[in-house]
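S.K.: Mind having a look at this structure? Questions to follow.
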Amino acid sequence: MHASTEITDYIYNNANQGEVTCIVALDLKRAFDRVCPEALANKLSWYNIDNSLIFSFMSNRYQLVETKTFDHSCIQSKLRGNNIGAPQGSCLSCLLFSIFINGLPNCVPNSKIVLFAEDNYLPHAFKPNQKLQAIVDIETDLSRINSWMRDSCASLKINKTELMLCGFQHLLRKIGNFEIIILR
């Protein structure tokens with residue numbers, strides 16, 4: 001199921017049960033660049049996948065930046081080695097990133113998590129009279145996500161992390177002010 005369909009169904013089903021859904025949109029900072037080869041190797045061996053080809057794909061890579069000036073001449077940076085992250089633009093990189101991040105939902109005890117590449121969503125449904133407990137639950141989940149990311153060499157783009165409340169208008173009016181602390 002596509003992430004947007006899954007989120008929409010989740011909101012709709014909870015609204016019909018008299019619940020409001022808080023969605024925290026999580027955006028990973030330089031997601032593909034942060035794939036830790038050692039952590040990925042551990043996961044791949046858990047799936048009985050030979051790491052040697054993957055390490056060959058992820059190591060001994062070089063990159064440079066080339067720009068054109070106003071007079072159409074080219075300027076290049078120095079060629080530099082890059083041995084961390086998954087190269088963007090290949091199907092294999094998307095698969096490796098998905099394998100790398102697939103453990104994230106296991107660290108979230110109170111909410112659901114919907115993974116979609118580097119854009120992920122933390123929806124949490126609650127009755128309006130359970131607002132304070134919902135805030136505690138969401139903050140706990142965000143703290144655990146932050147710990148998972150720190151342990152996995154990843155991090156959130158805080159300025160692109162958004163919170164949205166969804167539900168029927170009469171339920172949303174009962175919520176009032178709703179603030180959470182994204183990181184502690």
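The values are calculated or read from the model by the stated rules, or taken from the named source; none is laboratory data. These numbers come from a predicted model, not from an experiment. FYI the Cβ positions are ideal-geometry reconstructions off the backbone, even for glycines, and counts take in every protein chain you see. SASA here: full protein model, heavy atoms, side chains in, ligands and nucleic acids out. Shrake-Rupley method; radii C 1.70, N 1.55, O 1.52, S 1.80 Å.
S.K.: Within the range 5-23, which residues are touching a residue at least 40 places away in the same chain (Cβ under 8 Å) and assigned to a helix (DSSP H, G or I)?
M.R.: Within the range 5-23, 6, 7, 10, 11, 14, 15 meet the criteria.
S.K.: Across the range 115-133, what is the number of residues that are in a strand (DSSP E or B) and over 16 Å from residue 94 (Cα atoms)?
M.R.: The qualifying residues number 6.
S.K.: Taking the range 79-109 on its own, how many of its residues are open to solvent by 60 Å² or more (accessible area, probe 1.4 Å), at pLDDT 80 or above and more than 16 Å from the chain's Cα centre (by Cα)?
M.R.: Result for the range 79-109: 3.
S.K.: Okay, moving on. Return a yes/no flag: does the range 62-76 have any residue that is surrounded by 13 or more Cβ atoms within 10 Å (Cβ to Cβ) and either of a type outside the set (Val, Ile, Thr) or at pLDDT 80 or above (or both). If you could, list the steps in order and put the result at the bottom.
M.R.: So in the range 62-76, the residues surrounded by 13 or more Cβ atoms within 10 Å (Cβ to Cβ) come out as none.
Within the range 62-76, none of the residues are surrounded by 13 or more Cβ atoms within 10 Å (Cβ to Cβ) and either of a type outside the set (Val, Ile, Thr) or at pLDDT 80 or above (or both).
S.K.: Still on this model: What is the residue count in the range 135-164 for residues that are open to solvent by less than 50 Å² (accessible area, probe 1.4 Å) and over 30 Å from residue 35 (Cβ atoms)?
M.R.: So the answer is 1.
S.K.: Would you be able to tell me the number of residues in the range 4-19 that are surrounded by 16 or more Cβ atoms within 10 Å (Cβ to Cβ) and β-branched (Val, Ile, Thr)?
M.R.: Counting residues in the range 4-19 that are surrounded by 16 or more Cβ atoms within 10 Å (Cβ to Cβ) and β-branched (Val, Ile, Thr) gives 2.
S.K.: Okay, next question. Out of all the residues in the range 169-179, is one or more modelled with pLDDT of 85 or more, open to solvent by 30 Å² or more (accessible area, probe 1.4 Å), at positive phi and over 15 Å from the mean Cα position of the chain (by Cα)?
M.R.: Yes.
S.K.: Here's a follow-up. Name the residue that is modelled with the highest pLDDT, counting only residues in the range 133-164 that are closer than 17 Å to residue 121 by Cβ, touching a helix residue (DSSP H, G or I) at 6+ places or on another chain (Cβ under 6 Å) and of a type in the set (A, V, I, L, M, F, W, C).
M.R.: Within the range 133-164, the match that is modelled with the highest pLDDT is 148.
S.K.: Return the residue satisfying two criteria in turn: it lies in the range 20-31 and is at pLDDT below 80 and surrounded by 19 or more Cβ atoms within 10 Å (Cβ to Cβ), and of such residues it is farthest from residue 123 (Cα to Cα).
M.R.: Within the range 20-31, the match that is farthest from residue 123 (Cα to Cα) is 31.
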